[in-house]
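> What follows is a structure written as C-alpha cells; I'll ask about it next.
The values are calculated or read from the model by the stated rules, or taken from the named source; none is laboratory data. Here the structure is a predicted model, which is why all the values come from computation and not from measurement. Glycine gets a Cβ as well: all are built from the backbone with ideal geometry, and neighbour counts include every protein chain shown. Note: accessible area is taken over every heavy atom of the protein model, side chains too, but ligands, DNA and RNA are not part of it. Shrake-Rupley method; radii C 1.70, N 1.55, O 1.52, S 1.80 Å.
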Amino acid sequence: MKVQVDSTVTETKTFTQAEFDAFARLSGDDNPIHVDPDFAARTRFGRTVAHGMLLYSVICGVISKYFPGAAQLSQELMFPAPTFAGETMTIAVMVAEHLDDNQLRLATTITNPAGQETAVGETIILYHG
C-alpha cells in the first residue's frame, strides 16, 4: 500500500452466528446478547450482535494485511450501532496523518449496508514500510 494521507483500503466481511459463538467460546464472553437468539430477540436490538472485540480483531487483520509488521501503539474505538450476523460489512482503514517518519494515525470504521457506522475509531501505528 502506498502510504499517503487519505489513502484508504477497504475489505468486506459477512459475520455469522457461528463466528459470534466461536468468539464467545474463545474469549469467555458468552453474554447472551451475542450468543442467544431467543434472548437477543427480546432486546432493543432484536437479534444477536457482534462482540466489540471481534470487530476490533477484524480491523487489526486489515491493518496487518496492508501494513505488514506494524505495531499498534494506541487504539480508540466506539460502537455507535450494532453489527448483526448475515450483513455484509465494510471495513475501512484510512491514513489520516503522518505523525513522524515511522508513526501513522489511521482512521478505522466498520459500516453496515445501510451506511451506518457500527465501529469507529483511530489507531496509531509504528510502521517501517
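> Scan (1) farther than 18 Å from G121 by Cα; (2) surrounded by 14 or more Cβ atoms within 10 Å (Cβ to Cβ); (3) not charged (D, E, K, R) for the single condition I59 breaks and write down its number.
(1)
> Looking only at segment 12-30, which residues are without any contact (Cβ under 8 Å) to a residue 12 or more places away in the chain and under 15 Å from T83 (Cα atoms)?
Residue satisfying the conditions is A18 alone.
> If you don't mind, another one. For segment 104-114, enumerate the residues that are in a loop (DSSP other than H, G, I, E, B) and of a type outside the set (A, V, I, L, M).
Matches in segment 104-114: N112, P113.
> While we're on this one: Yes or no: V49 without any contact (Cβ under 8 Å) to a residue 40 or more places away in the chain and open to solvent by 40 Å² or more (accessible area, probe 1.4 Å)? Explain how you work it out, then say what you get.
Working: without any contact (Cβ under 8 Å) to a residue 40 or more places away in the chain: yes; open to solvent by 40 Å² or more (accessible area, probe 1.4 Å): no.
It is false that V49 is without any contact (Cβ under 8 Å) to a residue 40 or more places away in the chain and open to solvent by 40 Å² or more (accessible area, probe 1.4 Å).
> In segment 71-103, what residues are within 26 Å of A22 (Cβ to Cβ), open to solvent by less than 70 Å² (accessible area, probe 1.4 Å), part of a loop (DSSP other than H, G, I, E, B) and of a type outside the set (S, T, Y)?
A81, P82, A85, G86, E87 - these are the residues of segment 71-103 that are within 26 Å of A22 (Cβ to Cβ), open to solvent by less than 70 Å² (accessible area, probe 1.4 Å), part of a loop (DSSP other than H, G, I, E, B) and of a type outside the set (S, T, Y).
> Just checking, does segment 89-97 include any residue being farther than 17 Å from E122 by Cβ and not β-branched (V, I, T)?
Yes, segment 89-97 contains at least one residue that is farther than 17 Å from E122 by Cβ and not β-branched (V, I, T).
> Then there is this: Suppose the filter is more than 14 Å from Y127 (Cβ to Cβ), at pLDDT below 95 and not β-branched (V, I, T); does D6 pass it? Steps first, answer last, please.
Details: more than 14 Å from Y127 (Cβ to Cβ): yes; at pLDDT below 95: yes; not β-branched (V, I, T): yes.
When the stated conditions are applied, D6 passes them.
> Here's something else I'd like to know. Pick from segment 57-71 the residues that are in contact (Cβ under 8 Å) with a residue 60 or more places away in the chain and of a type in the set (A, V, I, L, M): which of them is nearest to T83 (Cα to Cα)?
I59
> Looking for something aromatic (F, W, Y), open to solvent by 60 Å² or more (accessible area, probe 1.4 Å) and over 30 Å from H98 (Cα atoms) - is there at least one such residue anywhere in segment 12-34?
Our first condition is that a residue be aromatic (F, W, Y); within segment 12-34, this holds for 15, 20, 23.
Keeping just the survivors that are open to solvent by 60 Å² or more (accessible area, probe 1.4 Å) gives none.
Looking for residues that are aromatic (F, W, Y), open to solvent by 60 Å² or more (accessible area, probe 1.4 Å) and over 30 Å from H98 (Cα atoms), one finds none in segment 12-34, hence no.
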